[in-house]
Amino acid sequence: MGFNKTNKQVSTEPGVSKKTAASIGLFGAVSIIIGSTVGVGIFFKNGNIFKNNNGNPWGVLFSWIIAFVVALAIAYSFGEIVTCKTKSANSGLAGWYERLIGYRSGRLVKILLPLLYYGIYVLVDAIFFSEAIFNCFSQGNKINCGTNTMWYVIFVALAGIFVFATLNLFCSRGLQKTSNVTTILKFIPLGLVILTGIIFGCINKDQNLFANDSITTIDGTEYSGKFSFTGMLDSLPAIFFAFDSFLIIGNIAGEMKNPNKNIPLSIVVSMIVAGILYLLVTIGQICVGCGSAYAVFDFIFATNVTAKTAFHYIISIFIFISIFGVLNSMTMGAIRSFDSAVEEEIIVGSKWMKKIANGKFLMKGFILLSFVTAFYTIIFGIPSGVMNTDQIFDGVSNFIVLAFFGIYAILSAASILNRYNGHAPEVIKQKGQIPAAVIGSFGCFFIFEYGLIWQFCGNIAINANKQFEAWGLFIDNKVTLTYAQAAIWFWTMCGILIIVPILNELLIKLTDKNYNQALIWEKQKESVFRK
């Protein structure tokens, strides 16, 4: 990877030709970001957000608005950050960390991205993808295949990861085109929920949360309508899940046209589009008192069983297509992140994986993805299967997003210092960078600390044995985690966040005596950037 005379990055990634390196334009970039961002959180998370806020419409809306403002501020601040030159065109977040903060932090993020973020995120998205498939064959709003439901979900999820990862090896360009198509198709269920929810909610106000203090929804959920400030804050990690993945475009920068212009623009445009869609969908759901897309049509066609059943299947198919696109885009970015980490020999066993891959395009990423997926399937999949619940995967997804928004916030704050550092890396400065970075970084730090100190410490002490209903999606199961059990999984994730990078470095030190890179606790041995 080097720079040409015009200071533009020139990809020298294995298997990426100059023609391919300039194949993705602004629309393609926006499609990939929206494809990986929109389509899971808004369909799968709003039910719990409604519960956290006791069905209070303003609490639900404020939750989304706060998260949107913070996420948009972070995304806008990255519009300047992404223009700094990095060692590799596809290094993304890790490369920006390395340039703006330093080698050690950059190496830490390089380890965390494949081994924690993408490793868990792809598996969680595959679980949602699998549940979307089962929903296509379910007549109700919950999946019930008996006592082994979650095992079936996990098996289909793993099959989905294998298929998408394999397709990346042989028809990567085709997957990019597929992302464009699924991005367009996912607007259909979103539009249906928005229009039907608002129209029918205004006609029949019996279930409209704006017009009623308390209701019992069509699916039997009771809402008191009481505003809860803590419930609003408890909802933010789940909502952040709906806005995450906007930096996935950094992992395919080497395949983009004019990345310095198109990456910042695509990030901001995508976040604005996503935020507007989420707010409109939420308003539509509030109008009919249902946090689930399925329940919206159950309400509308409550007296017509045939129409209700037909729309259930129609919406299920469109939601499946939407999440198909999300898993497609996420796997596309993840396998490149894995491949880059192995190519740079950041991960233990990289030399062995490079030898096995034998220079085949993205094969190194495929091998590492397989190992990481197997590891997290054992950690999270086995307990989930035994308990027959999807609560663990839902909770893990919230944690990983919350942790990485904290990582985004650190870099966003560093971009402010970069403005006043005489020897700082050169960036293309943008108006409003400092206020956006302040709002975004402060908001992320506050939300992370709230979860750390109150939600999973103070709150647990008060409600240890109560059922923790803030997690969980579509598995119809009587087993529900308690607050104490949820806290155990939260702190397990905190431990994984700390232990995984340290363990990776120790294993490298033990197994490779000739390793020539500085570990995260060592000083950088030589400059990694060309003058």
Problem - Distribution of pairwise C-alpha distances over the chain, 20 Å bins, in % - result: 23, 58, 19, 1
Practice task
Grab the beta carbon distance between Ser370 and Cys202, set R0 = 30 Å, and tell me the FRET efficiency rounded to 0.05.
Solution key: 0.05
Problem - Within the stretch 494-509: backbone nitrogen closer than 18 Å to the Cys457 label point (7 Å, Cα to C-beta) - result: 494-498
Problem - Per residue solvent-accessible surface (Å²) - the chain, probe of 1.4 Å - result: 40
Handout entry: From phi via Karplus (6.51, -1.76, 1.60), per-residue ³J(HN,Hα) for the stretch 292-305 in Hz, x at Gly/Pro
Key = 10, 4, 5, 5, 4, 7, 4, 5, 4, 10, 4, 9, 10, 4
Fill in the blank from the handout: Whole-percent carbon and sulfur contribution to the accessible surface of the chain (1.4 Å, no ligands, DNA or RNA) stands at 65
Completion exercise
In whole Hz, the Karplus estimates of ³J(HN,Hα) for the stretch 179-196 (6.51, -1.76, 1.60; θ = phi - 60°; x where Gly or Pro) are 4, 4, 5, 5, 4, 5, 5, 5, 6, 5, x, 4, x, 5, 5, 5, 5, 5
Handout entry: Mean Cα-pair separation over length for the stretch 110-214, i.e. relative contact order, pairs under 8 Å, 6 or more apart, %
Key = 19
Handout entry: Placed amide H near Gly289: partners under 5 Å, 5+ positions off or other chain
Key = Leu209
Exercise for the section: Find, among the GluC sites (Glu not before Pro) in the stretch 406-504, those assigned to loop by DSSP (not H, G, I, E, B) with at most 16 other beta-carbon atoms within 10 angstrom. Expected result: Glu426, Glu469
Problem - Once the Cα gyration tensor of the stretch 157-215 is diagonalised, semi-axes √(5λ) in Å - result: 41, 15, 6
Handout entry: Heavy atoms of Lys87: accessible area, 1.4 Å probe, square angstrom to 10
Key = 70
Practice task
Among the listed pairs Lys85/Lys354; Lys110/Lys523; Lys364/Lys509; Lys51/Lys186, give every one whose C-alpha distance is greater than 18 Å.
Solution key: Lys85/Lys354; Lys364/Lys509; Lys51/Lys186
Practice task
Using the Karplus curve 6.51 cos²θ - 1.76 cosθ + 1.60 with θ = phi - 60°, work out ³J(HN,Hα) for each residue of the stretch 48-65 in order, rounded to whole Hz, and write x for Gly and Pro.
Solution key: 6, 5, 4, 5, 4, 9, 6, x, 6, x, 6, x, 4, 5, 4, 4, 5, 5
Exercise for the section: At a Cα cut-off below 15 Å, give the aspartates and glutamates reachable from Lys360, other chains included and same-chain residues fewer than 8 away excluded. Expected result: Glu13, Asp339, Glu343
Handout entry: Cα gyration tensor shape for the stretch 385-531, rounded if a/c is under 1.5, else prolate or oblate
Key = oblate
Fill in the blank from the handout: With only helices counted (DSSP H, runs n ≥ 4, each -39500 (n - 2.57)), the per-residue ellipticity at 222 nm for the chain, to the nearest 500, works out to -21000 deg cm²/dmol
Handout entry: Largest-first ordering by accessible area, 1.4 Å probe, given options Asp298, Asp206
Key = Asp206, Asp298
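The values are calculated or read from the model by the stated rules, or taken from the named source; none is laboratory data. These numbers come from a predicted model, not from an experiment. Please note: Cβ atoms are built from the backbone with ideal geometry, for glycine as well, and neighbour counts cover all protein chains shown. Areas reflect the complete protein model, heavy atoms only, side chains present, ligands, DNA and RNA absent. Shrake-Rupley method; radii C 1.70, N 1.55, O 1.52, S 1.80 Å.
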